[in-house]
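Quick notes on the structure that follows.
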Amino acid sequence: MRNLNENTVTDAVLQTISAETDHRLREVVTSLVKHLHAFAIEVGLRPDEWMQGIQYLYDAGKMSTPERNEFILTSDILGLSSLIDMIKGRGVGTGTEYSVLGPFFVEDAPEVSVGGDMAGNNPGVEVVLSGRILDEKGKPVGGARIDLWQNQDNGLYDVQETHEGAVPNLRCHQITGADGRYGVRTIRPVSYKVPDDGPAGEILRATGRTAWRPAHYHVWINAKGYRPLVTELFPGDDPHINGDAVFGVRDSLRVDFSESNDEAEAASYGVKFPYQKVDFDFVLVANQAVE
């Protein structure tokens, strides 16, 4: 490692990686080092700029909590989260498209029976969100767990509020029966700004970007024998549908909120009619279907 310069230091670093290193880890770290070094050379990265990047990582770590992960938010606004979803979705065929997880997923959300109430006393436009979980042949998937979460009428997620009883709110999970059906009474989500009071917000402001996301429902489905599905559903008429700050919108995930006067369904879900209805079938891909 003597007489290192900018033309030789990359190879010097790579030569220190042991031949016994796990193959995939070696592949990822090797490529990471190559691209990081190439990036620094390409832009002529100055020491003060490098230190600013280090400070960003420090600030993001200091701000992150189990309820808000600033690193996930950073990945989101840089489009990396969506790119990973697109890579993950290679070859899924007719399966539902992936979309971003977001920074506000919470484990152990309460279980609500199919046809139950996720909205509670939250103000907002009442919605029946329902459908089926199917395989690629159109057969129902029983025993699937579907996690649902969304923001409140004030634009905030429950974990962004600190008052007593704030969490959990407008989040739940269900287990499908043999018919593969899921369904909840909820409210219509609203457009909102991603949290811009931290390092990720500084990037958005510095680059003249919007922090707005179109309204959406978050969905995470897990079923034995199938690839986990993390995705979102978007009102197709949302004013921010073409300017999502985290690049999560897919045409196939745009849904209609139709007016419904189905008295039987209204009584079943405990909603007042007329109410809005979203019906969407999620299609899972079998584990062995994609390498």
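Please treat every number below as a calculation from the coordinates, not as lab data. The structure presented is a predicted model; accordingly, all values stated were derived computationally and were not measured. For neighbour counting, all protein chains shown are included, and Cβ atoms are generated from backbone atoms with ideal geometry for every residue, glycine included.
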Surface/4 of the Cα convex hull for the stretch 110-206, nm²: 8.2
Once the Cα gyration tensor of the stretch 1-66 is diagonalised, semi-axes √(5λ) in Å: 25, 20, 10
Label-to-label distance, nm, for residues given as Leu204 and Asn121 (7 Å Cα→Cβ offset): 3.1
Karplus-derived HN-Hα couplings along the stretch 64-69 (A = 6.51, B = -1.76, C = 1.60, θ = phi - 60°), whole Hz, x at Gly and Pro: 5, 9, x, 8, 9, 10
D (Stokes-Einstein, µm²/s), Kirkwood Cα radius, the stretch 138-278, 1.002 mPa s at 20 °C: 126
The chain: relative contact order as a whole-number percent, Cα under 8 Å and 6+ apart: 21
Value in Å of the Kirkwood radius, where the stretch 85-130 supplies the Cα pairs that are averaged: 14.3
Theoretical ellipticity at 222 nm over the chain - DSSP helices of four or more residues, -39500 (n - 2.57) apiece, nearest 500: -8000 deg cm²/dmol
Cross-link reach list, aspartates and glutamates versus Lys62, counting only Cα pairs under 16 Å and skipping chain neighbours closer than eight places: Glu70, Asp196, Asp197, Glu202
Per-pair calculated FRET efficiency, R0 = 51 Å: Ser268 and His35 via Cβ, rounded to 0.05: 0.40
Tilt relative to the chain, helix 23-43 - C-alpha long axis, 0 to 90 degrees, to 10: 70
Mean-position separation - Cα centroids, the stretch 54-82 and the stretch 1-35, in angstrom: 26
As computed over the stretch 44-197, the Cα convex hull volume per residue (Å³): 141
Volume per residue of the C-alpha convex hull in the chain, rounded to whole Å³: 164
Charge context of Phe234, other residues only, Cβ under 11 angstrom, K/R +1, D/E -1: -3
Cα-Cα over 28 Å, subset of Lys137/Lys272; Lys193/Lys224; Lys34/Lys88: Lys137/Lys272; Lys193/Lys224
